[in-house]
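Asks: My questions all concern the structure below.
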Amino acid sequence: MKKIISVICLIAILQGCVVFLGGAAIGAATASAVLYDQRKTKTIVNDENISYQVTQALQADHAIASQCHVGVTAYNQVVLLVGQAPTQELKDQISTAAKTVPGITKLYNEVTLEAPSTNLVQTSDTWVTTKVKSYLLAAKGLSSGQFKVVTENGTVYLMGLVTHDQADLAVEQARQVEGVQKVVTVFEYQHD
């Protein structure tokens, strides 16, 4: 009941703070995430805000915005950057720009050195993410709210706060999905 009240309050707050958080899409995503997420509401909102601010910092850099494709995901103030950059210098610029955002406890720059992926690859990645989430949801012993799933160029990144057993099960489930070339874990571990 407390979580539902928190969601209602969050929705009311977000209606007034849409510009601050970057639009209704972020507000709606945050509100629905709260229902199933094990993180505290404040942490979820902070993560959404960090993702938005990092994205804004990357878009403010003309070289990054025009030559790179970068996805930003935050979970418990840990930031994962995925995508493509044509040079090591631009990849380093991406890290530098992201680090200007306050509140980040750890940054993983998994951007690869290559041309930005095509729309077809990005669509395929979205489908793979959907399938991985479905497998995780169906797996006994896992909760869908424990994970953030990001797919980039066939590589699946799993983020979340999990036990070692849950991590092993999640990786096993993700590897079963057609289209997954590799699974990378960016977990924080709880005691078993």
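Asks: Being in contact with a Leu (Cβ under 7 Å, 6 or more places away or on another chain) and part of a strand (DSSP E or B) is the filter; apply it to region 108-133 and report the residue that is surrounded by the most Cβ atoms within 10 Å (Cβ to Cβ).
Replies: Out of the qualifying residues, it is 109.
Asks: Could you figure out which of (1) over 13 Å from residue 185 (Cα atoms); (2) surrounded by fewer than 18 Cβ atoms within 10 Å (Cβ to Cβ); (3) not assigned by the TED database to the domain that holds residue 70 isn't true of residue 105?
Replies: (3)
Asks: For region 57-71, which positions are in contact with an Asp or Glu (Cβ under 9 Å, 6 or more places away or on another chain) and charged (D, E, K, R)?
Replies: none
Asks: Quick one: which residue in 148, 140, 106, 133 is of a type in the set (Lys, Arg), over 22 Å from residue 42 (Cα atoms) and within 16 Å of the chain's Cα centre (by Cα)?
Replies: Testing whether each residue is of a type in the set (Lys, Arg), over 22 Å from residue 42 (Cα atoms) and within 16 Å of the chain's Cα centre (by Cα) leaves just 133.
Asks: Could you pull out the residue among 52, 157 that is of a type in the set (Phe, Trp, Tyr) and without any contact (Cβ under 8 Å) to a residue 40 or more places away in the chain?
Replies: 52
The values are calculated or read from the model by the stated rules, or taken from the named source; none is laboratory data. Not measured: the values here are computed from a predicted model. Virtual Cβ from ideal backbone geometry, glycine too; neighbours counted across all protein chains shown.
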